[in-house]
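Structure first, then comments.
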Amino acid sequence: MSNVVEDGNKYSMNTYNRGNMVIDEAKGCCLKDIEGKQYLDMMAGISVCNLGHSHPVVVEAIQQQAEKLIHVSNLYWIPQQIELARLLVENSFADKAFFCNSGGEANEAAIKLARKYSYKKYGEKRNEIIAMTSSFHGRTLATLSITSNKKYHEGFGPMPEGFKFANFNDIDSVKAGMTEKTCAIIVEPVQGEGGVNAAEEKFLKQLKAVCTEKDILLIFDEIQCGMARTGKLFAYEHYAIEPDIMSLAKALGNGFPIGAVLARGKVASAFSPGDHGTTFGGNPLACSAALATLKYILREKLWETAAHKGNYFKEQLQKLVEKYSWVKQVKGKGLMIGLELEIEGAPFVQRMAEEGILINCTAGKVLRFLPALIIEEKDIQRTVETLDKIFGESALSQ
Ligand SMILES: Cc1ncc(COP(=O)(O)O)c(C=O)c1O
């Protein structure tokens, strides 16, 4: 184990705070480190392995496809890619899909598509995109520009132009920021890194109305909240409105890297050959993994499971809110859950790991839970009981 950590510190760029854990194996909701210690995984790779680790349908799809064809360039039609596009289109607002390899890339494509649509219709001056406070959209330069936390920008300037922020859940702030240059608005229907904040229904409806009125494109980033996690296949379904563009990644391939941008036909047609592309995007192996994942989600209606188990989880967590004065509130939708504290959450993440349960903390004070959608109630119960125990140890509880 120590070799990996020592070599990691020596040979790997220092971009993550990793501690000493070396993970070697995983199945379902159980992770095993290199010394054989088991952990209950309540994060699913940060909302990636929604079917659980190494789900048999995904493993089989990858194995079979790897023997047949791993990669071919997008100079040719790829049957798995087209089938995946059809399935995503048939189960969403969209008419067309574009595939890439990550969330950041999906949002880059969404930005380019929105700008190209506006350029073709209104000329080059209409190119500004409004993002929300507490947003997180990725680490590339353009997606950093729509990620509100300034700590991520430091030292990477100058940032690309044409992006600004409005207050999340505040339609007046959005309207105040709109000008004749605004071409799109980007929102996470449920913000992940910003603290597990669900958009208010009224806000998204007002946003949709103002976008429709001014032909401004509404982009939903469902990279973390999509793929059945919040109790619907896509989070926008909670709000009875639809976006013009949506970005997906994370759980789309259940761990195999793949991202996608979906769009309405009138918007999608803004891209012509040569406008956008990526070598690996939508390759046969990635699309086979995603196809197996999506078919399983659809067949099992996994969003219903997420809604049901999410309600149970939230009910249990609510008891901690009632018990501890410094535990503020339970937030989120389905199995995308935050427990907001009045104090820093990081020490509790550490204590939970010592107890063999992996959770995380976001926005400083929000403990975040993103388990696989197949999580069992007994594991939810164990998580809450363990939290109760470690909360009880806190000096604030004495
Ligand atoms: C909402 C959202 N958008 C975009 C991203 C960036 O995705 P990736 O890390 O795959 O580039 C993330 C990653 O956490 C995310 O949560």
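All but one of (1) more than 27 Å from residue 377 (Cα to Cα); (2) in contact with a helix residue (DSSP H, G or I) (Cβ under 9 Å, 6 or more places away or on another chain) hold for residue 329; state the number of the condition that does not hold.
(1)
Name the residues in segment 78-112 that are more than 16 Å from the ligand (Cβ to nearest atom) and over 15 Å from residue 288 (Cβ atoms), would you?
Passing the criteria: 89, 90, 91, 92, 93, 94, 95, 96, 97.
Output the residues belonging to segment 5-48 that are touching a residue at least 12 places away in the same chain (Cβ under 8 Å) and hydroxyl-bearing (Ser, Thr, Tyr).
39, 47
Would you call residue 7 under 18 Å from the mean Cα position of the chain (by Cα) and away from the ligand (no atom under 16 Å from the Cβ)?
Against the criterion (under 18 Å from the mean Cα position of the chain (by Cα) and away from the ligand (no atom under 16 Å from the Cβ)), residue 7 does not qualify.
Is it the case, given these coordinates, that residue 372 is within 19 Å of the chain's Cα centre (by Cα) and modelled with pLDDT of 95 or more?
yes
When segment 109-130 is examined, which residues are found to be of a type in the set (Gly, Ala, Ser) and under 17 Å from residue 178 (Cβ atoms)?
114, 118, listed by residue number.
Could we say that residue 219 is β-branched (Val, Ile, Thr) and not in a loop (DSSP other than H, G, I, E, B) here?
Yes; evaluated as a whole, the condition is true for this residue.
Could you grab the pairs with beta carbons closer than 9 Å, sequence gap of 6+ or different chains, first residue in segment 131-144 and over 19 Å from residue 183 (Cβ atoms), second one in a strand (DSSP E or B) and more than 11 Å from the ligand (Cβ to nearest atom)?
If the second residue must be in a strand (DSSP E or B) and more than 11 Å from the ligand (Cβ to nearest atom), the pairs left are 133/165; 133/166; 134/197.
So, residue 48, is that one hydrophobic (A, V, I, L, M, F, W, C), modelled with pLDDT of 95 or more and farther than 24 Å from residue 367 by Cβ or not?
For residue 48, the condition - hydrophobic (A, V, I, L, M, F, W, C), modelled with pLDDT of 95 or more and farther than 24 Å from residue 367 by Cβ - is not met.
Restricting to segment 21-33, what's the tally of residues that are farther than 21 Å from residue 367 by Cβ and assigned to a loop (DSSP other than H, G, I, E, B)?
1
Within segment 133-141, identify whether any single residue is within 16 Å of the ligand (Cβ to nearest atom) and over 26 Å from residue 156 (Cβ atoms), and answer yes or no.
Among the residues of segment 133-141, not one is within 16 Å of the ligand (Cβ to nearest atom) and over 26 Å from residue 156 (Cβ atoms), which makes the answer no.
Quick one: residue 251 ticks every box in (1) within 16 Å of the ligand (Cβ to nearest atom); (2) within 30 Å of residue 125 (Cβ to Cβ) bar one, so which box is it?
(2)
Looking only at segment 285-296, count every residue that is under 13 Å from residue 256 (Cβ atoms) and either under 20 Å from the mean Cα position of the chain (by Cα) or surrounded by fewer than 19 Cβ atoms within 10 Å (Cβ to Cβ) (or both) and tell me the total.
Residues that pass the stated criteria total 8.
Of the residues 120, 175, 125, 164, which single one is touching a helix residue (DSSP H, G or I) at 6+ places or on another chain (Cβ under 7 Å), more than 14 Å from the ligand (Cβ to nearest atom), farther than 28 Å from residue 250 by Cα and of a type in the set (Lys, Arg)?
Residue meeting the stated conditions: 175.
Which one of 125, 150, 175 is within 19 Å of residue 243 (Cα to Cα) and surrounded by fewer than 16 Cβ atoms within 10 Å (Cβ to Cβ)?
Matching residue, one of 125, 150, 175: 175.
Restricting segment 239-248 to residues that are more than 13 Å from the chain's Cα centre (by Cα) and within 16 Å of the ligand (Cβ to nearest atom), which is farthest from residue 111 (Cα to Cα)?
If we take residues in segment 239-248 being more than 13 Å from the chain's Cα centre (by Cα) and within 16 Å of the ligand (Cβ to nearest atom), then 243 is farthest from residue 111 (Cα to Cα).
Residues checked against (1) away from the ligand (no atom under 16 Å from the Cβ); (2) touching a Leu at 6+ places or on another chain (Cβ under 8 Å):
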{"position": "26", "(1), (2)": "yes, no"}
{"position": "47", "(1), (2)": "no, yes"}
{"position": "56", "(1), (2)": "yes, no"}
{"position": "60", "(1), (2)": "yes, no"}
{"position": "66", "(1), (2)": "yes, yes"}
{"position": "71", "(1), (2)": "yes, yes"}
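Give me the helices (runs of 4 or more DSSP H) completely within segment 34-121, filtered to those with at least 3 residues that are assigned by TED's automatic domain parsing to the domain that holds residue 139, ordered by residue number.
56-68, 79-90
Within segment 75-92, is there a residue that is touching a Leu at 6+ places or on another chain (Cβ under 8 Å), over 12 Å from residue 286 (Cα atoms), touching a residue at least 24 places away in the same chain (Cβ under 8 Å) and loosely packed, with under 15 Cβ neighbours inside 10 Å?
Yes, some residue in segment 75-92 is touching a Leu at 6+ places or on another chain (Cβ under 8 Å), over 12 Å from residue 286 (Cα atoms), touching a residue at least 24 places away in the same chain (Cβ under 8 Å) and loosely packed, with under 15 Cβ neighbours inside 10 Å.
Looking only at segment 205-225, filter to residues that are within 16 Å of the ligand (Cβ to nearest atom) and buried (at least 24 other Cβ atoms within 10 Å of the Cβ); which one of those is farthest from residue 368 (Cα to Cα)?
219
Looking at this structure, is residue 51 touching a residue at least 24 places away in the same chain (Cβ under 8 Å), closer than 30 Å to residue 194 by Cβ and not acidic (Asp, Glu)?
For residue 51, the condition - touching a residue at least 24 places away in the same chain (Cβ under 8 Å), closer than 30 Å to residue 194 by Cβ and not acidic (Asp, Glu) - is met.
Please verify whether residue 233 is within 16 Å of the ligand (Cβ to nearest atom) and under 16 Å from residue 94 (Cα atoms), treating the condition exactly as stated.
No: the conditions fail for residue 233.
The values are calculated or read from the model by the stated rules, or taken from the named source; none is laboratory data. Predicted, not measured: the structure shown is a model, and the values here were computed from it. Counting neighbours? That spans all protein chains shown, and the Cβs are built from the backbone with ideal geometry, glycine included.
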